[in-house]
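Report on the following structure.
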Amino acid sequence: MTLAALALPLLTAGPAVADGPCLPDAATGCVEGSIRSSAGQPLAAVGITVDGAAGSVSTTTGADGTWSAPVTADGKYTVTLDVATLPPGQALSDTSTNPRTTQVRLASSTNVRFALVSGMGSAGPGSTASATPGASDGGDVASEAGSGSGFNGARVAQQAASGLVFGLLLALASIGLSLIYGTTGLSNFAHGEQVTLGAILAYVFCQLVGLPLIVAAVVAVALSAASGWAQDAWLWHPLRRRRVGTTQQMIVTIGLSMALQYGFQFFFGGDKLRIITTAPDVVTMGPVTLTRMTIISVVIAIITLAAVSYFLLATRVGRATRAVSDSPALAAASGISVEKIVRIVWTLGAGLAGLGGVLMGLYLNATSWNMGGAMLLLMFSAVTLGGLGAAFGALAGSLVIGLVVEMSSLVIPNDMRYAGALLILILVLLFRPQGILGRAERIG
């Protein structure tokens, strides 16, 4: 056999074809996703090609619309959807997202999603993926509706649903921040890192330790709450006992925030961390499309917020917490142990932030070392908008912020949607300085 005959198969060979679902291991990384129609139905036989350091792999979507492709080397990969294989009447919402480039690592899965719209043409370059803090290419379906791709009832419903989801998850972290401010007068700039801690702990126990997701989430929330107890016992209580002012304590929180952020980056790197690596199941309810995990997260958030409301309104400790928030001196004079209440608030606030981090990491399909830091401004906005120190105000403010953030992408670019939320904050405070549920105070 001649050398030319040996070389001919190599010269004429096309990309490798993926056979069966990809399972990540020490020598294999997986690129995966799900192709859904504009109505949320799975699309089969859609062609996908993955090119990168390990060569080229082609695959097609299965009957459930999912696809996966194995790679054998770390690096950046280009994922291309073959638009010719899309069914009639379906098109990419933004042609600039095809192909897409993503970072893939061995022993892990990377989710890549393509959003489709009805029609034969693209929605244009203005329709981009959501830029929610911490989001990866595998973000929730609700986050994939781009801005500027047409104003219609379906898009309004989708963005409103996304806003309510984001607002509820934001409220979990914001209520803890509001309770801490109400009982101590301290603006905790390290509260965002409590959110990050919850998400990273869930990643560690789910992906590295191998615990089931529910068990990993419970352990992550419990350890987050324990970190709040430890912070107050070893840091904030000694500072209060030495009568260190709240301004100095606030500066300490800024330093603690920076130390924790870069500690997370040092130990876990700057890449996205996925708590779960499987492709999310999609549920369509009329014009609204959400993942099954998002719906579960919303239910957990609502139950948790209802439980916090019951705690504050119907329990003895909760009433004592509200009393300390109203007037620590008067609460102490009536026999309430202010320090014990503050310890409980720190523990509860850190636990809620940890739960918010876990659910936000699942909603965004990824977390990272600076996720909480990116959310901190939104949390402070929600607390200020709702009324400083008012727990129920933080809930109301979070829902407003969530809706404004998502709905504003209907009329302005995604990169500016947080500016829209801050503009609403400024306008509300101009007409109601105490916030939505805050109390007006006499000055002078």
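General observations
- Across segment 249-266, the qualifying residues are those that are of a type in the set (S, T, N, Q) and closer than 11 Å to Ser187 by Cα, and the one among them that is farthest from the chain's Cα centre (by Cα) is Gln249.
- Flag for Thr347 being touching a residue at least 40 places away in the same chain (Cβ under 8 Å), surrounded by fewer than 22 Cβ atoms within 10 Å (Cβ to Cβ) and either in contact with a strand residue (DSSP E or B) (Cβ under 9 Å, 6 or more places away or on another chain) or not in a helix (DSSP H, G or I) (or both): no
- Of all residues in segment 245-261, those satisfying the criterion of being without any contact (Cβ under 8 Å) to a residue 60 or more places away in the chain and either surrounded by 14 or more Cβ atoms within 10 Å (Cβ to Cβ) or part of a helix (DSSP H, G or I) (or both) are Thr247, Gln248, Ile251, Val252, Gly255, Met258, Ala259.
- Some residue of segment 373-390 being at pLDDT below 80 and part of a helix (DSSP H, G or I): no
- Helices (runs of 4 or more DSSP H) contained in segment 175-242 and holding at least 3 residues touching a helix residue (DSSP H, G or I) at 6+ places or on another chain (Cβ under 7 Å) and more than 22 Å from Arg322 (Cα to Cα): 191-203, 213-231
- The residues of segment 98-125 that are at pLDDT 80 or above and either among the hydrophobic types (A, V, I, L, M, F, W, C) or in a loop (DSSP other than H, G, I, E, B) (or both), listed by number, are Asn98, Pro99, Val104, Val112, Arg113, Phe114, Ala115, Leu116, Val117.
- Scanning segment 142-180 for residues that are under 13 Å from the mean Cα position of the chain (by Cα) and at pLDDT below 75 yields Ala142, Ser143.
- Residue-level check: of (1) under 27 Å from the mean Cα position of the chain (by Cα); (2) modelled with pLDDT of 85 or more, Ser58 misses just (1).
- In segment 290-310, the residue that is farthest from the chain's Cα centre (by Cα) out of those that are closer than 25 Å to Gln158 by Cβ and small (Gly, Ala, Ser) is Ala301.
- Against the numbered list (1) touching a residue at least 60 places away in the same chain (Cβ under 8 Å); (2) under 24 Å from Thr294 (Cβ atoms), Leu211 comes up short only at (1).
- The residue that is surrounded by the most Cβ atoms within 10 Å (Cβ to Cβ), counting only those in segment 290-334 that are in a helix (DSSP H, G or I) and touching a Pro at 6+ places or on another chain (Cβ under 9 Å), is Thr294.
- Scope segment 1-52; condition modelled with pLDDT of 80 or more, farther than 20 Å from Ile276 by Cα, among the hydrophobic types (A, V, I, L, M, F, W, C) and assigned to a strand (DSSP E or B); matching residues: Ile48, Val50
The values are calculated or read from the model by the stated rules, or taken from the named source; none is laboratory data. These numbers come from a predicted model, not from an experiment. Cβ atoms come from the backbone with ideal geometry, glycine included; neighbour counts cover every protein chain shown.
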